[in-house]
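K.L.:
Pasting in a structure now, in structure tokens, and then I'll have a few things to ask.
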Amino acid sequence: MQIKKAHVELFQTLGRTPTIIEIAEAVDASPKQVAECLNAFRPLVSLELGIGEEQENQLQEILPDERISAQEYVALECLRSDLQDLLATLKPNQRQVLMLQFGLSGEDKLTAKQVAQKLNLSHSKVRSAHGQGIKALRREQDKIKDYLAS
């Protein structure tokens with residue numbers, strides 16, 4: 001409820017709908033957490049909702065189908081597995097830095113400065129680990145080149 005309250009207060013203060021980042025700063029939460037919370041408050045709309053002047057069509061008829069095929073799903077899972085195997089070949093600090101900077105663990109991407117703070121490393125150590133990790137992955141790129149071609 002703190003997020004919803006901050007949303008209302010910021011709306012009144014700013015005179016416009018606040019951004020997710022503004023709300024996140026106001027409640028000291030991540031933008032991802034704020035977005036998830038705000039989505040929970042959205043009203044559900046039936047896909048069978050009539051649209052058009054005479055409401056002769058349904059919403060589901062004009063919405064794109066965003067589901068992926070079974071083949072695409074399997075390819076993504078194989079890629080995810082192969083990427084994990086590649087990352088496992090890196091030194092722990094290289095792996096951590098790359099995972100945080102590229103958001104590979106399901107979290108938001110972090111800047112080098114944020115990674116340095118989170119891992120309690122100097123900025124130069126983060127840059128070095130990043131560079132060495134990328135070099136190591138490039139040497140192993142043959143293992144995933146088939147994914148990159150498609």
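The values are calculated or read from the model by the stated rules, or taken from the named source; none is laboratory data. All of these numbers come straight from a predicted model, not from anything done at the bench. Using ideal geometry, Cβ is built from the backbone for each residue, glycine included, and neighbour counts are taken over all protein chains shown.
K.L.:
Filter the stretch 120-150 down to residues that are surrounded by 10 or more Cβ atoms within 10 Å (Cβ to Cβ) and among the hydrophobic types (A, V, I, L, M, F, W, C) and give me whichever is modelled with the lowest pLDDT.
P.N.:
144
K.L.:
Name every residue in the stretch 7-28 that is within 17 Å of residue 42 (Cα to Cα) and over 23 Å from the mean Cα position of the chain (by Cα), in order of residue number.
P.N.:
8, 11
K.L.:
Give me the residue from the stretch 100-119 that is closer than 21 Å to residue 89 by Cα and hydrophobic (A, V, I, L, M, F, W, C) and, out of that set, surrounded by the fewest Cβ atoms within 10 Å (Cβ to Cβ).
P.N.:
My answer is 102.
K.L.:
Within the stretch 49-69, take every residue that is outside any loop (DSSP other than H, G, I, E, B) and either assigned by TED's automatic domain parsing to the domain that holds residue 17 or of a type in the set (A, V, I, L, M) (or both) and give me the one that is modelled with the highest pLDDT.
P.N.:
Among those residues, the one meeting the criterion is 51.
K.L.:
How many of the residues in the stretch 1-33 are among the charged types (D, E, K, R) and either in the same structural domain as residue 106 (by TED's automatic domain parsing) or surrounded by 13 or more Cβ atoms within 10 Å (Cβ to Cβ) (or both)?
P.N.:
Final tally of qualifying residues: 5.
K.L.:
Scan the stretch 96-150 for residues that are assigned to a helix (DSSP H, G or I) and either within 30 Å of residue 33 (Cβ to Cβ) or free of Cβ contacts under 8 Å to residues at least 40 places away in the same chain (or both) and report the count.
P.N.:
Qualifying residue count, the stretch 96-150: 35.
K.L.:
Separate question: Between a first residue in the stretch 22-48 that is farther than 12 Å from residue 10 by Cβ and at pLDDT below 85 and a second residue that is of a type in the set (Gly, Ala, Ser) and not in a helix (DSSP H, G or I), which pairs have beta carbons less than 9 Å apart while being 6 or more apart in sequence or on different chains?
P.N.:
37/29
K.L.:
Residue under question is residue 90, and the condition is that it be within 20 Å of the chain's Cα centre (by Cα), over 30 Å from residue 51 (Cα atoms) and not in a helix (DSSP H, G or I); does it hold?
P.N.:
Criteria not met by residue 90.
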